[in-house]
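The values are calculated or read from the model by the stated rules, or taken from the named source; none is laboratory data. From a predicted model like this one, the values you see are computed outputs, not experimental measurements. Please note: Cβ atoms are built from the backbone with ideal geometry, for glycine as well, and neighbour counts cover all protein chains shown.
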There are 4 protein chains.
Amino acid sequence: MIKVGIVGGTGYTGVELLRLLVAHPEVKIEAITSRSEVGVAVSVLFPNLRGRTNLCFTEPKLDALTHCDVVFFAAPNGTAMGMARALLAAGVRIIDLAADFRLRDADTWLRWYGVLHSCPELLAEAVYGLPEMNRAALRNARLVANPGCYPTAVQLGFLPLIEQGLVDNQRLIADAKSGVSGAGRKAELGTLLCEVTESTKAYAVPGHRHLPEIVQGLNRVAASPVGLTFVPHLTPMVRGIEATLYAVLRDVSVDLQALYETRYRDEPFVDVMPAGSHPETRSVRGANTCRLAIHRPQGGDTVVVLSVIDNLVKGAAGQAIQNMNLMFGLAETLGLQSIAILP
Amino acid sequence: MIKVGIVGGTGYTGVELLRLLVAHPEVKIEAITSRSEVGVAVSVLFPNLRGRTNLCFTEPKLDALTHCDVVFFAAPNGTAMGMARALLAAGVRIIDLAADFRLRDADTWLRWYGVLHSCPELLAEAVYGLPEMNRAALRNARLVANPGCYPTAVQLGFLPLIEQGLVDNQRLIADAKSGVSGAGRKAELGTLLCEVTESTKAYAVPGHRHLPEIVQGLNRVAASPVGLTFVPHLTPMVRGIEATLYAVLRDVSVDLQALYETRYRDEPFVDVMPAGSHPETRSVRGANTCRLAIHRPQGGDTVVVLSVIDNLVKGAAGQAIQNMNLMFGLAETLGLQSIAILP
Amino acid sequence: MIKVGIVGGTGYTGVELLRLLVAHPEVKIEAITSRSEVGVAVSVLFPNLRGRTNLCFTEPKLDALTHCDVVFFAAPNGTAMGMARALLAAGVRIIDLAADFRLRDADTWLRWYGVLHSCPELLAEAVYGLPEMNRAALRNARLVANPGCYPTAVQLGFLPLIEQGLVDNQRLIADAKSGVSGAGRKAELGTLLCEVTESTKAYAVPGHRHLPEIVQGLNRVAASPVGLTFVPHLTPMVRGIEATLYAVLRDVSVDLQALYETRYRDEPFVDVMPAGSHPETRSVRGANTCRLAIHRPQGGDTVVVLSVIDNLVKGAAGQAIQNMNLMFGLAETLGLQSIAILP
Amino acid sequence: MIKVGIVGGTGYTGVELLRLLVAHPEVKIEAITSRSEVGVAVSVLFPNLRGRTNLCFTEPKLDALTHCDVVFFAAPNGTAMGMARALLAAGVRIIDLAADFRLRDADTWLRWYGVLHSCPELLAEAVYGLPEMNRAALRNARLVANPGCYPTAVQLGFLPLIEQGLVDNQRLIADAKSGVSGAGRKAELGTLLCEVTESTKAYAVPGHRHLPEIVQGLNRVAASPVGLTFVPHLTPMVRGIEATLYAVLRDVSVDLQALYETRYRDEPFVDVMPAGSHPETRSVRGANTCRLAIHRPQGGDTVVVLSVIDNLVKGAAGQAIQNMNLMFGLAETLGLQSIAILP
């Protein structure tokens, strides 16, 4: 059994990690921490876990965590970087679901996150946890930067096109729509039901923190700087990201459907739907799946890729466990087989 | 492996049965029928099942079904009674998720459902599939009438009070609130998103078909006729029933919390919450659990029981599988352990 | 033109007051206050008002408010009682949308609201602003206690029965379902979209502050103490209250439909629907209307009254303006004629 | 008073027309027709209108309609073209909220709508009812083709850029998100609450009927053929369209904020928000307003325009009344001043 610790388990990625890990056959959760809820039973905060776990929240102390084989950070940005050196030194592996180790460049991190990075020397070692891009490196990783939710949906959608050099890399557009759980579980006016239900809006158009993350990933694949316009939107639902991606084809004769099917044939968690499909976010609710569909409207040179994920699963907790499975030599799909709940 | 057939798999109880049975370790689905979708892959209708089943819908023919060990009817009322005799004769056991075998009296059935019952001789044999009430009989049942969603929530809530004769049986009130999936997957104006979202209403106040079913169950427990006012409501959500039950105590000195905890101590799917709790339907979304809380407001003689279930799971497909597990001597919880999805 | 001040205009009753008062033909809004948003344009907080008002939030100072003819308090409990004496002394009339003057007994106020009342001498003068109960007194009122949202729906539903002494007053039950806007516009976890959407729950079953308010009103009508069990529920919608009321009839021969139609024949904002109806909250969304329907299920002795309002309109801002119209001798419906938005 | 007829008043544009016309000070509704609901009171179908109109649905007969000054068609595509010649001959003016007269080319109509146009000779006369583009022609129009909902949001967003020739017309992208009411009030599986809530999806990516309408409008403004990729999406809300528009600037030095503010300065129903804004659809719910915001992310050469409307108001019934006001020489804003309901 893998001994697991969770730092910061009171948010939506935390409860989702718990839902999946409690049922994972090779995992034993050793500790779950929360500064604000010390001593409170997890099932008091999250009654869906009543009868399934006796865990209580504890102080986020190094001692307890160093006994773990791996620690998940489901805490705010800046938390993992404060404990990473010590944990790694103690031989504990780390999967950070926040942003601390996603950007390889400390200056870029400072620019977008507004604070100095406290362990920049680890940035080069951190492996970006998108298995479809980085599987080999993940198997041996000590420190995994779990991707953001938008970056997961957008990169999986663009990947085959960029890898093959089929589109104008300077004119990429990603128009993404997210459920509200992406904003986290925080007492804020902006995500009250009465503020966001029955409404849709774009936000962060001048610049969202997931932009540099996506660009970094696509740059690496393209082996040259890409130009991306990324516009996130808030839609009135709990879970789900729908990303509609636009690019201009260099050559319209390519069989895009075959390209995607081939690229993802062996991926357990990427589903290329039949030509003409329109994936719904609800088809992946609660599941670790990304569904894709590829269109070329009116036979023109604009390709439209539709990509859907559950932001809390393939966009966060599920992908983190997929990474853990890889890191510990388990079947990649272990504990991640539950079927999306529909309706 | 139990060979399972499903008749009428295109509704919401059908897709929920599939979600649970596909993952059930002791089940092999032999056939799923739908007159309107013959030849269509199940995963075309329900993309959450892509990659998890290759089943296609077939004609509802006896031949194919008689090879099964058990057939679930997730079809409209009146379907099961048309095939029950033949299937039973062939040694196939039946679990009907519709209403055909819920009422023991053929006249009552006629009055509430408006058609003659076509095999009234089976009514006496049919076992009402509420395990918390009928566990022993279910183990040997050939024909199980799976309870309605409201009757599950209401009966589990009233049961301990009625069994112990603690309340005035003539003044029972059940005010129940249901999600929209209870109305089924049918092309109708009344359940369009634009007709039911952002609104709440009572319906069927003059009389709902679940009323005689609940009364029959409570009568049997009380061993005398009870008087129940039952008012169902439609609330703007997909899944979930919240039933708020009111009764007048004969004796206010009883420890109701202890009574409920004792009554349900060994029930794997009934959770009596701590005193003072207010269960949320979301805490059981996707799970086969009924959560209860008991209140006596202002210390008066009115007891208020709060009961929540997922109408598609404990109120339909999950309970049906719980019954199957009992009928076939499996662990009662097999295939029913998934944790509610929250948020 | 009536010169109007609004204290505490940043909540949902505040923005609803603004929506209605900006379009009221006999009103000029002189000031709107908010400690936290001083200097901010109202239309920045509430973009629906862009182009319709140039008001900015100001400090809640007495000076500015004493120039008004009437001041609405849309602020938290405890605000109005701090300014009431001074405003009344300056000849300004007051309509408090919070609870400060709803309970006539200072001790009861202390028990339910947890703080001493700071001007108990005004409680006797305050007129409870339910026009259907108190129209005459409201015309001359200096100080109006605008009813709570639940009390409006529940009292209008019970009124004809209690006035005529037709039911057992000791066994009244009000099972009420509310949208989330009733909880106000505050940065709190409990009303985040992800916490309350797709779920229903009862809350405050041991005791809700609207209980003593309802009981006080019904006691007065009954001229004796009534016994009421009141259970509020949270449903996943923004606006609307549906109250399902239960009582035991002393005499089942009364024509309840005629009783209600007669009682409310001349009421502009109470709509008794045809026999057999099931009012939906969406039928009053944005409108100052209470719709009622009366049932006697299965011809028994339990009467079921269904009552729906928009909690922000007839349950708050609209009723406040109805009261203002009465106080200033205007047509009672002035500025309150807008039709509910459906869908 | 303008005598108004409505053909096909049982859908969502029908009830919205009624909500607005019943309150319009210069309108008298003479007749409202519905083949399926003849004799039924409008307020039975739409209880929000109880007490506000005594109209009943009648047969759609020419006789009754020829007494009207203007007839609104809120009926399915193909209805208006069947009655247009006779009504015009009788001196009745027409506003069609469906698509019959939106496309000027009968062949294009056939290709996208699949049936022959039955009065192609009227296409040249029909005036496209987007006042911000066609105000002068609308004042004298006999026959107005009221724009589609998406075309209203998209064209108002692109107009200033195309008029001034500021962008590459071959690379226009419109990513639009719509509420479900845009699909109409029809008994269909696809728009059941349980099928569309808590989910987002793109649809009609290969080609939506609003594409040729938008392209025709933009072509005319550009005086040359434009290239547009248009992807509509379904989001889980009732009302609202959010269109996010992308174009490549020829010259990044233009002050886009000033351009938009100038272009729409005198438009009563287009609101250019301050630089940096993110309009929400709820800010226009129930109102005849289009709110726009203009962004140039990261100072690049891609312009992003955000455009929101209420699809049933500015995208249908409200714009139709705006056109009527123009046609009959009334103040353009008459009867259209109600403020959006928020929350």
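Worth a mention:
- Which numbered condition B:Val7 fails, given (1) in contact with a strand residue (DSSP E or B) (Cβ under 7 Å, 6 or more places away or on another chain); (2) more than 24 Å from B:Gly286 (Cβ to Cβ); (3) buried (at least 22 other Cβ atoms within 10 Å of the Cβ): (2)
- Lone qualifier among B:Leu166, B:Leu172 - being crowded, with 24+ Cβ neighbours inside 10 Å and under 22 Å from B:Tyr260 (Cα atoms): B:Leu172
- Any hit, the range A:204-220, residues being charged (D, E, K, R), assigned to a loop (DSSP other than H, G, I, E, B) and surrounded by 24 or more Cβ atoms within 10 Å (Cβ to Cβ): no
- Any chance B:Asp301 is in contact (Cβ under 8 Å) with a residue 24 or more places away in the chain, within 13 Å of chain C (Cβ to nearest Cβ) and within 14 Å of B:Leu166 (Cβ to Cβ): yes
- Any hit, the range C:321-340, residues being in a loop (DSSP other than H, G, I, E, B) and within 14 Å of chain B (Cβ to nearest Cβ): yes
Residues checked against (1) out of contact with any helix residue (DSSP H, G or I) (no Cβ under 8 Å at 6 or more places or on another chain); (2) buried (at least 24 other Cβ atoms within 10 Å of the Cβ); (3) at pLDDT 95 or above:
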| residue | (1), (2), (3) |
| --- | --- |
| A:Lys3 | yes, no, yes |
| A:His24 | no, no, yes |
| A:Lys28 | yes, no, yes |
| A:Gly39 | yes, no, yes |
| A:Ser43 | no, no, yes |
| A:Leu49 | no, no, yes |
| A:Thr58 | no, no, yes |
| A:Leu62 | no, no, no |
| A:Thr66 | no, no, yes |
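- Matching residues, the range A:295-314, being over 22 Å from B:Phe46 (Cβ atoms) and touching a strand residue (DSSP E or B) at 6+ places or on another chain (Cβ under 8 Å): A:His295, A:Arg296, A:Pro297, A:Gly300, A:Asp301, A:Thr302, A:Val303, A:Val304, A:Val305
- Taken over the range B:41-68, the criterion of being away from chain A (no Cβ under 14 Å), touching a Leu at 6+ places or on another chain (Cβ under 9 Å) and not in a helix (DSSP H, G or I) is satisfied by B:Phe57, B:Cys68.
- Residue in the range C:64-84 that is aromatic (Phe, Trp, Tyr) and in contact with a strand residue (DSSP E or B) (Cβ under 6 Å, 6 or more places away or on another chain) present: yes
- When the range A:257-288 is limited to residues that are among the aromatic types (Phe, Trp, Tyr) and over 16 Å from the mean Cα position of the chain (by Cα), the one that is nearest to A:Pro160 (Cα to Cα) turns out to be A:Tyr260.
- For the range B:224-246, the candidate set comprises residues that are aliphatic (A, V, I, L, M) and either assigned to a strand (DSSP E or B) or under 15 Å from B:Gly157 (Cβ atoms) (or both); within that set, the residue that is nearest to the other protein chains (Cβ to nearest Cβ) is B:Val231.
- Here A:Val313 meets the list (1) closer than 16 Å to D:Lys201 by Cβ; (2) of a type in the set (Val, Ile, Thr); (3) in contact (Cβ under 8 Å) with a residue 60 or more places away in the chain almost entirely, failing just condition (1).
- Evaluating A:Pro206 against the criteria (1) facing another protein chain (nearest Cβ under 9 Å); (2) over 29 Å from B:Pro236 (Cβ atoms); (3) in contact (Cβ under 8 Å) with a residue 12 or more places away in the chain; (4) not polar (S, T, N, Q) leaves one unmet condition, (3).
- For the range B:29-40, the set of residues classified as in a loop (DSSP other than H, G, I, E, B) and either on the phi < 0 side of the Ramachandran plot or hydrophobic (A, V, I, L, M, F, W, C) (or both) consists of B:Ser34, B:Arg35, B:Ser36, B:Glu37, B:Val38, B:Val40, listed by residue number.
- Residue match in the range A:160-178 (condition: under 30 Å from D:Ile341 (Cβ atoms) and charged (D, E, K, R)): yes
- Qualifying positions in the range A:289-320 - assigned to a loop (DSSP other than H, G, I, E, B) and either within 15 Å of the chain's Cα centre (by Cα) or modelled with pLDDT under 95 (or both): A:Thr289, A:Asp310, A:Asn311, A:Leu312, A:Val313, A:Lys314, A:Gly315, A:Ala316
- Residue within the range A:6-14 that is among the aromatic types (Phe, Trp, Tyr) and more than 26 Å from B:Val272 (Cβ to Cβ) present: yes
- Cross-chain or 6+ apart pairs with Cβ under 6 Å, the range B:3-28 first and in a loop (DSSP other than H, G, I, E, B), then basic (Lys, Arg) and surrounded by fewer than 22 Cβ atoms within 10 Å (Cβ to Cβ): B:Gly11/B:Arg185
- Hits in the range C:217-227 (condition: in contact (Cβ under 8 Å) with a residue 12 or more places away in the chain and under 19 Å from the mean Cα position of the chain (by Cα)): C:Gly217, C:Leu218, C:Val221
- Among the candidates A:Ser283, A:Ser277, A:Ser307, residue that is polar (S, T, N, Q) and free of Cβ contacts under 8 Å to residues at least 40 places away in the same chain: A:Ser277
- Scanning the range A:266-288 for residues that are more than 10 Å from chain D (Cβ to nearest Cβ) and in a strand (DSSP E or B) returns A:Val270, A:Asp271, A:Val272.
- Some residue of the range D:332-341 being more than 18 Å from the chain's Cα centre (by Cα) and farther than 20 Å from C:Val22 by Cα: no
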